[in-house]
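Okay, structure first, notes after.
Every number in this text was worked out from the coordinates using simple rules, so none of it is lab data. Small disclaimer: the values here were computed from a predicted structure and weren't measured. Glycine gets a Cβ as well: all are built from the backbone with ideal geometry, and neighbour counts include every protein chain shown.
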Amino acid sequence: MNIIKFFREYRPPKELRALFIAHYAPLLLILFIGPLTALKGIWQVPLPFFPTIIIGILIFLGGTVLYFQWERHWHTTYKGQLVTNGIFKHLRHPHYTSLLIIGYGLALFFYSIAAVIIATIAVPLMIWSIVDEEKKLVKQYGKKYEQYMKEVPWRLIPKLF
């Protein structure tokens with residue numbers, strides 16, 4: 001019962017609402033447009049049907065596991081300090097990474113080119129958010145965050161970005 005009450009009463013702080021919308025709007029669009037295009041049989045991914053859906057499910061599950069790893073670690077560890085352990089040893093922004101992976105997984109699962117395009121449009125939105133967030137983190141944590149950036153150079157994808 002507590003979890004239902006939490007979701008009913010939760011309101012993100014005003015300064016986070018725009019970011020909340022920017023981060024989750026692509027997923028909501030994918031959840032809306034993906035099934036519609038699948039049902040109508042339009043804008044289909046030009047790949048074999050069943051393997052694409054199975055790969056989409058696996059990608060979605062991988063993103064979901066990453067999301068819950070981040071969620072669990074963040075909420076049990078963060079107390080106002082810079083968090084650099086756990087999943088943050090490998091990625092500076094695992095939350096954004098998980099959302100992008102989930103988006104692509106859903107797009108493939110729905111077999112929808114329109115959903116793949118939405119997932120792709122989400123990438124620069126996330127990068128913009130990351131760059132903006134990192135400016136704030138440098139101001140908030142100073143040299144500690146700059147050192148962390150050197151130790152963990154990967155923002156979204158290890159060995160890539």
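Side notes on the structure shown:
- Stretched out straight at 0.36 nm per residue, the stretch from Leu61 to Trp154 would grow longer than its current Cα-Cα span by 31.3 nm.
- Annotation for region 40-139: trypsin sites (Lys or Arg not before Pro) lying in DSSP loop with at most 12 further Cβ atoms inside 10 Å of their Cβ are Lys79.
- Calculated FRET efficiency for the pair Gln44/Val83, C-beta based, R₀ 41 Å, to 0.05: 0.50
- Alpha carbon centroid spacing (whole Å) that separates region 53-71 from region 127-148: 27 Å
- Cβ-Cβ FRET estimate between Val138 and Ile113, R0 fixed at 45 Å, reported to 0.05: 0.70
- Computing FRET efficiency as 1/(1 + (r/R0)^6) for Ile54 and Trp128, where r is the C-beta to C-beta distance and R0 is 30 Å, gives about 0.40.
- Rough spin-label spacing in nm, given labels placed 7 Å along Cα→Cβ, for His75 and Ala25: 2.6 nm
- Rg to Rh, two decimals, where the chain supplies the alpha carbon set and Rh follows Kirkwood: 1.01
- For Val65, the shell of other residues with beta-carbons less than 12 Å away shows a net charge of 0, using +1 for Lys and Arg and -1 for Asp and Glu.
- Pairs of Lys residues in the chain are counted when their Cα atoms are under 15 angstrom apart and they lie 8 or more places apart or on different chains; the count is 8.
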